[in-house]
1. Among P110, V127, S343, which residue has its Cα furthest toward the positive end of the charge dipole of the stretch 92-457, with +1 on Lys/Arg Cβ and -1 on Asp/Glu Cβ?
2. Pop out the ³J(HN,Hα) list for the stretch 147-156 in order, Karplus 6.51 cos²θ - 1.76 cosθ + 1.60 with θ = phi - 60°, rounded to Hz; leave Gly and Pro as x.
3. Using the number of other C-beta atoms within 10 angstrom as an exposure proxy, rank S409, S390 with the fewest first.
4. Using the beta-carbon distance between S148 and Q318 and R0 = 45 Å, what value does 1/(1 + (r/R0)^6) give for FRET efficiency, to the nearest 0.05?
5. Would you mind computing, in nm to one decimal, how far apart the modelled labels at V176 and R395 are, each placed 7 Å from Cα along Cα→Cβ?
6. When Cα Rg over 2.2 N^0.38 Å is calculated directly from the model, which label among [x] 0.95; [y] 1.03; [z] 1.38 fits?
7. Kindly state, to the nearest 0.05, the FRET efficiency for Q356 paired with N47, given R0 = 51 Å and r defined as their beta-carbon distance.
8. Excluding the sites themselves, what is the longest stretch of the chain that contains no GluC sites (Glu not before Pro) in a DSSP loop with at most 15 other C-beta atoms within 10 Å?
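Every read-out reported here was derived from the displayed coordinates using simple, explicitly stated rules and does not represent laboratory data. In this text, all values refer to a predicted model and were calculated from it rather than measured experimentally. Positions of Cβ are generated from backbone atoms using ideal geometry, with glycine treated the same way; all protein chains shown enter the neighbour counts.
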Amino acid sequence: MRFTHVVLLLGATGLLALAGGLLFLQGQGITPRQLAPYIEKRSSGHNPLITGAGRGIAAMLLGLDRGDGPALRPPSSAGAQSAAAGEEGGARKLVRSGEEVRRAIAVAVPGDVIVLLPGAYRIRGDVVVTRAGKQGEPIVVRADLPGSVIIEFDAGEGFRVLAPYWRFENLTIHGVCSHQEFCEHAFHVVGGAHHFAAVNNTILDFNAHIKINGENGRFPDAGLIESNTLTNLVPRRTESAPVTPVDLVGANDWVIRRNLITDFVKAGGDRISYGAFAKGAGVRNRFEQNVVLCEQRLRGLPGQRIGLSFGGGGTGKQYCRDRKCVTEQDQGVMQANLVASCSDVGIYLNASAGTQLNVNTLVDTAGVDVRFPESSVKADGNLVDGTIRSRNGGRVHAGDNLETPIMLSYFGYHPLRRSFTAPPRHTADAANTALDLCGAARGSVRRYGAFEDVAACWRNAVNGDAR
């Protein structure tokens, strides 16, 4: 056999092996950004040549998958707004200091509006909320003008809310603990604190900015988290504490809407973090019209960052609403969200049954992961820079979605990124009347993904920093 024939044979064999490997990875749903850390981990601890090769291959895979595109500027509808939220209620109680805030909350009655006058409030230790509001007469804690009040918490928990019908609005809340990991939550909503609302706040530098969970068999149902900006300025140096700006366990009927969630990097422990999750055997929780940018300012750091999740990493049975967690979530809805710039999947469904996944846009993520036999999802109208995949028996009932085959990402080809703000239109289920991410109405012929009226919704979308 001639030398040239041998070379051609070896080349053909190599191409076949490459094609077979890519088909295997496609079938397993393994994206380059997921394969890269595995290769780097398996090659570490060997001789320098193997370790260096592993790092080089991992870097190449990440480069092909993620590219070097600019950080995204979120639509102006996402996060805290400059206009004041809320309406006047009952008696206005003006406060001027952290201690006055604490005293006013301790004696509040239904309908009170506790107004923080402009300035900075340094509060050490948590503020415990035990007085109950009433339906139609919530107790409100607010600033009249967004940005005029800064609360600095040097505490593991800021507001620990144990009673129902409380509303917090227009506040800026900053965790300033001397040891970063000690600032756990700006709000801890517990037990009987149903009908809690956090609206139009800017909250930064906590592990889990808003934590919701049961206590003594009671769960804080029917809450609202709307138009808040939740972010961290630096990675969270914590080993065991979850880093998840919205951490919801066991509660039902929460609406998490129009929030901007960014830069939730966990620098210690398993280095796995989420933008928001609901788990613990809750039902009917909704994530809608949110913008989740896993990496906006804090880019390219080690670890796995996941956008939105029903089920998260699972729940210990003692914390589950039914003490079993046969399913982590049931009848959950994710719709009209933008999830982008994540080192792992954009949406993760773990043992979550009856999930509706509608008109979401995922860009620069590993796509959607539906895992375990308990998970079932109906997905329609989504634009996914990646793919919607089932794993470990998860069930996907796919309607009309736009996806990119995983195999293409191994060649650095991401066609949907070029048009994700103005994707093509398709004929959709007329019964699904969901608004787009910025509140525009949608007809029966609509765009794939979260944006319908792009010109109105997406102002200065690229080449900028956050507001």
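1. With unit charges placed on the Cβ atoms, the residue in question is P110.
2. Those phi angles translate into x, 8, 10, 10, 9, 9, 9, 10, 6, x Hz.
3. Fewest to most other Cβ atoms nearby, the residues stand as S390, S409.
4. 0.60
5. In this crude label model, V176 to R395 measures out at 5.3 nm.
6. [y]
7. Computed FRET efficiency for Q356 and N47: 0.50.
8. With GluC sites (Glu not before Pro) excluded where exposed in loops, the chain gives 240-467 as its longest stretch.
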